[in-house]
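**Student:** Sharing a structure, written as structure tokens. Questions coming.
Please treat every number below as a calculation from the coordinates, not as lab data. The shown structure was predicted, so the numbers you read here are calculated from the model rather than taken from an experiment. Glycine also receives a Cβ, built like all others from the backbone with ideal geometry; neighbour counts cover every protein chain displayed.
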Amino acid sequence: MSTRGVIAYSIGESWEGVYNHSDSYPTGLGISVQQWLIDTPDFEEFKKFIQAHLGGFSSFPETCYCHDEYFAARDGSCASDSPYFKEDAPSGQINPTTIDPLCHEYLYVVRSDLTIEIWGHKRVDSKKDIVLGAYRCEKDNIDKECWYTLTRLTVINLETDIQELRLEEEK
């Protein structure tokens, strides 16, 4: 079974992103996003990369649904630069109003200062505990209503981490 997530970039206090199907837990996708930003420490480049792959990813950053030949040939591509482009091809775009915390188990929001907010899904027993997104379970195995939401797990400051790496390399 895959661990599904969302890779996003900030827009003011909000964000926009795309779906990622495989290995979206922090030691998988979290490390991949960090490594991408260490290799290319530029928010605008990250944003352009995500916007160029609006079909989402099977596995970030190597395999996207809109350019990978297998997926694009099978489903069509929402990327206008793909030979499989179709107007009605599926999009993997996700934002705060479309995220589903039961399906999207992790969310990574890259901010313009190169911080990464990492969010994880969590079960809560009351609607008042919902932070971001909501999925309502009718009844669980103990016969009461429950909800899933996303809560912020941590924030990583890559600008500081990148500067520390550069200082270490200079020694």
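**Student:** Rounded to the nearest 0.05, what FRET efficiency do THR97 and ALA73 have when you use their Cβ-Cβ distance and R0 = 30 Å?
**Tutor:** So the FRET efficiency works out to roughly 0.45.
**Student:** At ALA52 and ASP81, where each label point lies 7 Å from the Cα along Cα→Cβ, what is the point-to-point distance in nanometres?
**Tutor:** The answer from the label model is 0.4 nm.
**Student:** If you take the alpha carbon radius of gyration of region 1-101 and divide it by 2.2 N^0.38 Å, what ratio comes out, to two decimals?
**Tutor:** 1.04
**Student:** Within 13 Å, Cβ to Cβ, of ALA72, how many net charges do the neighbouring residues add up to if Lys/Arg are +1 and Asp/Glu are -1?
**Tutor:** Neighbourhood net charge equals -2.
**Student:** What size of dipole, in debye to the nearest 20, comes out for region 1-135 about its Cα centre when the only charges are +1 on Lys and Arg C-beta atoms and -1 on Asp and Glu C-beta atoms?
**Tutor:** 460
**Student:** Looking at region 1-105, which GluC sites (Glu not before Pro) are DSSP coil and have at most 15 other C-beta atoms within 10 Å of their C-beta? Don't jump to the answer; show the numbers that get you there.
**Tutor:** Details: sites: GLU13, GLU16, GLU44, GLU45, GLU62, GLU69, GLU87, GLU105; in loops: GLU13, GLU62, GLU87, GLU105.
Counting only loop positions with at most 15 other Cβ atoms within 10 Å, the GluC sites (Glu not before Pro) in region 1-105 are GLU13, GLU62, GLU87.
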